[in-house]
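Notes follow the structure.
Derivation of every value follows stated rules applied to the coordinates shown; laboratory data play no part. Quick caveat, the model's predicted, so the values are computed rather than measured. Neighbour counts are summed over all protein chains in view; Cβ atoms, including those assigned to glycine, are modelled from backbone coordinates with ideal geometry.
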Amino acid sequence: MNILDAYISTAPSAQNAIDIFKGEWSSKFPASTGLVSSPGHANLFEDGRIRWLSQMVGGFTGKNVLELGPLEAGHTFMVHAGGAAAVTAIEANSRSYLKCLCVKEAMKLDRARFLYGDAVQYMQTCEQKFDVCIASGILYHSNKPVEFLHDIGRVSDTVFIWTHYYEPEALSKLGEQFKQFDKPADVNVNGKTYTLVKRNYAEALNWAGFSGGGDTSAKWLTRDSLMRVIEDAGFKVEAVNFDQPNHQNGPALALVARRIKV
């Protein structure tokens, strides 16, 4: 690359910043912003899952929210617009982190703070408690999802999770994508046994807009194991929604769980 390619000759604008990552955006910006993201197909800035979460927790007004894996700040935008007192978002993908900063500046998310680093490492050393922890689209990108769910208990008593889970019959209908999965295997954590399945990212790693985990593979929980881990971590699932066994990328669901008070 010629270093001069990094310069721009037009007047400053939010769109200029967004276009730094042209061709890499997963999210579609709201029409009201006047901004265009490319290819931008997912409505993460107007996501019904976050609207549902807001209803489940009595709104975001005044709440201190932790978001794990903000991707492109779409959910951050919604929580911020909902009146959250503060949003702390942890992102491990450098390009996603920089996209989040572009959105923060373009959409004036002054009560949001984006931190570049690993969410697990953050939770293991965090001494702060948050009113709500949002873990959307991150659990199935982890190689240690069981430990990940237990770590959430360190930082919040209320958690929202949207995740894919392993169900072979549904995944087999996806054709070639199903070949990315190894055979199910049991793992023992804290004396409990859960079923995990390794998923290899394969050619997806070649796209600059890749939004998966930081390794060449990740491990998916079965639905039964997912629910049992949450309970074993001291939480009770209060509600399940957006249950899509035939999701185009594999079975998925959203849930809200709260810590059981003893």
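In table form, for the structure just shown:
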| read-out | value |
| --- | --- |
| Segment Asp224-Leu115, extension gain: residue separation times 0.36 nm, minus the distance between their alpha carbons | 36.0 nm |
| Linear extension gain, Val187 paired with Arg259, 0.36 nm per residue minus alpha-carbon span | 23.5 nm |
| Residue with peak Gaussian network fluctuation, the chain [Cα springs, cutoff 10 Å], from Tyr97, Tyr116, Tyr166 | Tyr116 |
| Gaussian network model of the chain, springs between alpha carbon atoms under 10 Å - residue of Pro251, Pro70, Pro12 with greatest fluctuation | Pro12 |
| Fluctuation leader among Lys28, Lys173, Lys99 - the chain, Gaussian network, Cα springs under 10 angstrom | Lys173 |
| Cβ-based net charge around His80, under 12 Å, with every Lys or Arg adding one and every Asp or Glu removing one | +3 |
| Theoretical FRET efficiency, 1/(1+(r/R0)^6), r = Cβ-Cβ of Ser217 and Lys129, R0 35 Å, to 0.05 | 0.60 |
| Selection from Tyr140, Asn200, Ala86 lying farthest towards where the dipole of the chain points positive, charges on Cβ | Ala86 |
| Footprinting exposure proxy for Ser172, Ser26, Ser32 (fewest neighbouring C-beta atoms within 10 Å first) | Ser32, Ser172, Ser26 |
| Relative contact order (%) - criterion: Cα under 8 Å, at least six apart; region: the chain | 15 percent |
| Whichever aspartates and glutamates have a C-alpha closer than 14 Å to that of Lys144, once near sequence neighbours (fewer than 8 apart) are set aside | Asp118, Asp186, Asp215 |
| Over the chain, equivalent-ellipsoid semi-axes from the Cα gyration tensor in Å | 30, 23, 17 |
| FRET efficiency for Val36 and Glu231, using Cβ-Cβ distance with R0 set to 35 Å, rounded to 0.05 | 0.20 |
| For the chain, calculated [θ]222 nm from helices alone, where every DSSP H run of n ≥ 4 adds -39500 (n - 2.57) | -7000 deg cm²/dmol |
| Charge dipole magnitude, Cβ of K and R +1, D and E -1 - region 11-259, Cα centre, debye nearest 20 | 200 debye |
| Theoretical gain in end-to-end length, Asn143 to Gln177 [0.36 nm per residue, Cα-Cα removed] | 10.4 nm |
